[in-house]
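Working notes, beginning with the structure itself.
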Amino acid sequence: MAANLDWNNLGFGYIKTPYRFVCNYKNGKWDDGEITTDDKIVLTECAGVLQYAQTAFEGLKAYRTESGNIVCFRPDLNAERMIDSANRLEMPALPKEKFLEAVEKVVAANKDFVPPYGSGATLYIRPFMFGSSAVIGVKPAEEYQFRMFATPVGPYFKGGVKPITIRVSDFDRAAPHGTGHIKAGLNYAMSLHAIVDAHKKGFDENLYLDPATRTFVEETGGANFLFVTKDGKVVTPKSDSILPSITRRSLCFVAEKYLGLTVEHRPVKLEEVYDFAECGLCGTAAVISPVGKIVDHGKEIVFGDKIGPITQKLYDTLTGIQMGRLEAPEGWIKVIE
């Protein structure tokens, strides 16, 4: 029986659902894990996560397709990216099959909170893991906990897609050879001051430049860039300190294989952006957020007050695949029920 929620008016925030998955790493191995109703975490005050920010997370969604199935989009890539994050932070990697088992169990257990097809809402799934044992010297923890919960969220854009205004930030998002390429909690803590400052000054987001030369486009605090040239090519920035967005990789595949467009994944100089026709930010939450304007220290790069035609096609095609209106490439859609 569906939960009694106003599906058409959900915000993008946390609503507690009944069940979550918990798995513990102790004595050199992960336990079997279990579904539990307990949403509270009890930790020693000296836990590795609290002392040295040893934590990583993921984000993915479950939703109902046009045919009524509950599905997830490419959760195997989330599992692989979390393994990369764990390895970089000296945490034990949760096996891919355990991650996928957790997704299936959490979504199935909370199926009443998967919003109906057509509402624009989805069930957002948050896997995360952290050092749970006491650490006072600067070193990795010896024990860890992996958890996964789910919460229903409304569409990222209420009342339709509106292009956003962003600024070129004076802050750096990541260090050269640092942790920008993984989904570490510390990366997002680093971005909080910059995003609050941007909002105070009337901007929706920050455009971060490469930390070494500050001439190449990297990403925003939580999304990859996708550009369209005046001759219709799709261009995405390439850098060792950009998080490999699953949405961005999927959009590039769609651009090539479904829409017949040329795709370039390469370093992009900020000065090039002045000549691009369209700009968007891509990520799990919104799929694509169109950018209307980039402000570069008083100079403006203007893309317009509505979503560009190719960006719109990319959005429509990928969401069509996700919602079952278009045939998906093999392995992209995991049916839960």
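The values are calculated or read from the model by the stated rules, or taken from the named source; none is laboratory data. For clarity, every value in this text was computed on a predicted model and none was experimentally measured. Note: ideal-geometry Cβ built from the backbone for every residue, glycine included; neighbour counts use all protein chains shown. Heavy atoms of the whole protein, side chains included, go into the accessibility calculation; ligands, DNA and RNA do not. Shrake-Rupley method; radii C 1.70, N 1.55, O 1.52, S 1.80 Å.
Filter the range 294-314 down to the residues that are open to solvent by 30 Å² or more (accessible area, probe 1.4 Å), in contact with a strand residue (DSSP E or B) (Cβ under 8 Å, 6 or more places away or on another chain) and part of a strand (DSSP E or B) and list them by number.
Across the range 294-314, the qualifying residues are Glu300, Val302.
Pick out the one residue from Lys200, Lys162, Lys183 that is basic (Lys, Arg) and in contact with a Leu (Cβ under 8 Å, 6 or more places away or on another chain). Break it down stepwise before answering.
On the way: Lys200 fails: in contact with a Leu (Cβ under 8 Å, 6 or more places away or on another chain); Lys162 fails: in contact with a Leu (Cβ under 8 Å, 6 or more places away or on another chain).
Exactly one of Lys200, Lys162, Lys183 is basic (Lys, Arg) and in contact with a Leu (Cβ under 8 Å, 6 or more places away or on another chain), namely Lys183.
Hey, His193 hits all of (1) at pLDDT 95 or above; (2) in contact with a Pro (Cβ under 6 Å, 6 or more places away or on another chain) but one; which does it fall short on?
(2)
Within the range 64-86, take every residue that is more than 19 Å from the chain's Cα centre (by Cα) and open to solvent by 50 Å² or more (accessible area, probe 1.4 Å) and give me the one that is modelled with the lowest pLDDT.
Going through the range 64-86, the residues more than 19 Å from the chain's Cα centre (by Cα) turn out to be 64-70.
Filter once more, so that each one left must be open to solvent by 50 Å² or more (accessible area, probe 1.4 Å): 64, 66-67, 69.
On the way: Arg64: 95, Glu66: 88, Ser67: 91, Asn69: 95.
If we take residues in the range 64-86 being more than 19 Å from the chain's Cα centre (by Cα) and open to solvent by 50 Å² or more (accessible area, probe 1.4 Å), then Glu66 is modelled with the lowest pLDDT.
Which residue pairs have Cβ atoms closer than 9 Å, lie 6 or more positions apart in sequence or on different chains, and pair a first residue in the range 75-97 that is closer than 19 Å to Ile336 by Cβ and free of Cβ contacts under 8 Å to residues at least 40 places away in the same chain with a second residue that is open to solvent by less than 20 Å² (accessible area, probe 1.4 Å) and not in a helix (DSSP H, G or I)?
The qualifying pairs are Ala79/Glu58; Ala79/Leu94; Ala79/Pro127.
Within the range 241-263, can one find any residue that is at pLDDT 95 or above, in a helix (DSSP H, G or I) and more than 20 Å from the chain's Cα centre (by Cα)?
Yes: the range 241-263 contains one or more residues that are at pLDDT 95 or above, in a helix (DSSP H, G or I) and more than 20 Å from the chain's Cα centre (by Cα).
Take the residues of the range 253-265 that are open to solvent by less than 70 Å² (accessible area, probe 1.4 Å) and touching a strand residue (DSSP E or B) at 6+ places or on another chain (Cβ under 7 Å): which is nearest to Thr311 (Cα to Cα)?
Per the criteria, the residue is Ala255.
Checking the conditions here, which among Val135, Val103, Val114 is over 30 Å from Thr319 (Cα atoms), buried (at least 20 other Cβ atoms within 10 Å of the Cβ), in contact with a helix residue (DSSP H, G or I) (Cβ under 8 Å, 6 or more places away or on another chain) and touching a residue at least 12 places away in the same chain (Cβ under 8 Å)?
Details: Val103 fails: over 30 Å from Thr319 (Cα atoms); Val114 fails: over 30 Å from Thr319 (Cα atoms).
Result of the check over Val135, Val103, Val114: Val135.
Are any of the residues in the range 328-335 within 20 Å of Ile70 (Cα to Cα) and charged (D, E, K, R)? Let's see the steps before the verdict.
Of the residues in the range 328-335, the ones within 20 Å of Ile70 (Cα to Cα) are 328-335.
This time we only want the ones that are charged (D, E, K, R), so: 330, 334.
Yes: one or more hits.
Inspect all residues belonging to the range 282-293 and state whether any of them is without any contact (Cβ under 8 Å) to a residue 12 or more places away in the chain and buried (at least 16 other Cβ atoms within 10 Å of the Cβ). If you could, list the steps in order and put the result at the bottom.
At the first step, the residues of the range 282-293 found to be without any contact (Cβ under 8 Å) to a residue 12 or more places away in the chain are none.
Looking through the range 282-293, none of the residues is without any contact (Cβ under 8 Å) to a residue 12 or more places away in the chain and buried (at least 16 other Cβ atoms within 10 Å of the Cβ).
For the structure I just gave you, tell me whether Arg167 is modelled with pLDDT of 95 or more, open to solvent by 40 Å² or more (accessible area, probe 1.4 Å), closer than 30 Å to Gln312 by Cβ and not acidic (Asp, Glu).
Working: modelled with pLDDT of 95 or more: yes; open to solvent by 40 Å² or more (accessible area, probe 1.4 Å): no; closer than 30 Å to Gln312 by Cβ: yes; not acidic (Asp, Glu): yes.
No, not satisfied.
Which one of Gly283, Gly324, Gly298 is modelled with pLDDT under 95, more than 30 Å from Ile125 (Cα to Cα) and out of contact with any Leu (no Cβ under 8 Å at 6 or more places or on another chain)?
Values: Gly283 fails: more than 30 Å from Ile125 (Cα to Cα); Gly324 fails: more than 30 Å from Ile125 (Cα to Cα).
Within the list Gly283, Gly324, Gly298, the selection yields Gly298.
Has the range 39-62 got at least one residue that is within 23 Å of the chain's Cα centre (by Cα), open to solvent by less than 40 Å² (accessible area, probe 1.4 Å) and among the acidic types (Asp, Glu)?
Yes, the conditions are met somewhere in the range 39-62.
Name the single residue that is modelled with the lowest pLDDT among those in the range 135-164 being in a loop (DSSP other than H, G, I, E, B) and of a type in the set (A, V, I, L, M). It would help to see each step written out before you state the result.
Residues of the range 135-164 that are in a loop (DSSP other than H, G, I, E, B), as a first pass: 135-143, 154-163.
Retained after the next criterion (residues that are of a type in the set (A, V, I, L, M)): 135-136, 138, 141, 161.
Values: Val135: 98, Ile136: 98, Val138: 97, Ala141: 98, Val161: 74.
Filtering the range 135-164 for residues that are in a loop (DSSP other than H, G, I, E, B) and of a type in the set (A, V, I, L, M), the one modelled with the lowest pLDDT comes out as Val161.
Looking at the range 50-97 only, could you name the residues that are in a helix (DSSP H, G or I), out of contact with any helix residue (DSSP H, G or I) (no Cβ under 8 Å at 6 or more places or on another chain) and under 21 Å from Ala141 (Cα atoms)? It would help to see each step written out before you state the result.
Restricting attention to the range 50-97, the residues satisfying the condition of being in a helix (DSSP H, G or I) are 50-52, 75-88, 96-97.
Subsequent filtering for residues that are out of contact with any helix residue (DSSP H, G or I) (no Cβ under 8 Å at 6 or more places or on another chain) retains 50-52, 84-88, 97.
Within the range 50-97, Leu50, Gln51, Tyr52, Asp84, Ser85, Ala86, Asn87, Arg88 meet the criteria.
Across the range 265-322, which residue is nearest to Glu205 (Cα to Cα) among those that are over 23 Å from the mean Cα position of the chain (by Cα) and hydrophobic (A, V, I, L, M, F, W, C)?
Initially, the range 265-322 is screened for residues over 23 Å from the mean Cα position of the chain (by Cα), giving 269-277, 295-306, 309.
From the residues that got through so far, the ones that are hydrophobic (A, V, I, L, M, F, W, C) too are 270, 273, 276-277, 295, 301-303.
Working: Leu270: 16, Val273: 16, Phe276: 19, Ala277: 19, Val295: 11, Ile301: 15, Val302: 15, Phe303: 16 Å.
The selected residue is Val295.
Could you please find all residues in the range 2-27 being surrounded by fewer than 15 Cβ atoms within 10 Å (Cβ to Cβ), in contact (Cβ under 8 Å) with a residue 60 or more places away in the chain and over 30 Å from Ala286 (Cβ atoms)?
Within the range 2-27, just Lys26 meets the criteria.
Would you check which residues across the range 212-240 are of a type outside the set (A, V, I, L, M) and open to solvent by less than 30 Å² (accessible area, probe 1.4 Å) and list them? Don't jump to the end; show me each part of the working.
In the first step, residues of the range 212-240 are kept if they are of a type outside the set (A, V, I, L, M); the result is 213-216, 218-222, 224-225, 227, 229-233, 236-240.
Once the filter is applied, which keeps residues that are of a type outside the set (A, V, I, L, M) and open to solvent by less than 30 Å² (accessible area, probe 1.4 Å), the range 212-240 yields Glu218, Glu219, Thr220, Gly221, Asn224, Phe225, Phe227, Thr229, Gly232, Thr236, Pro237.
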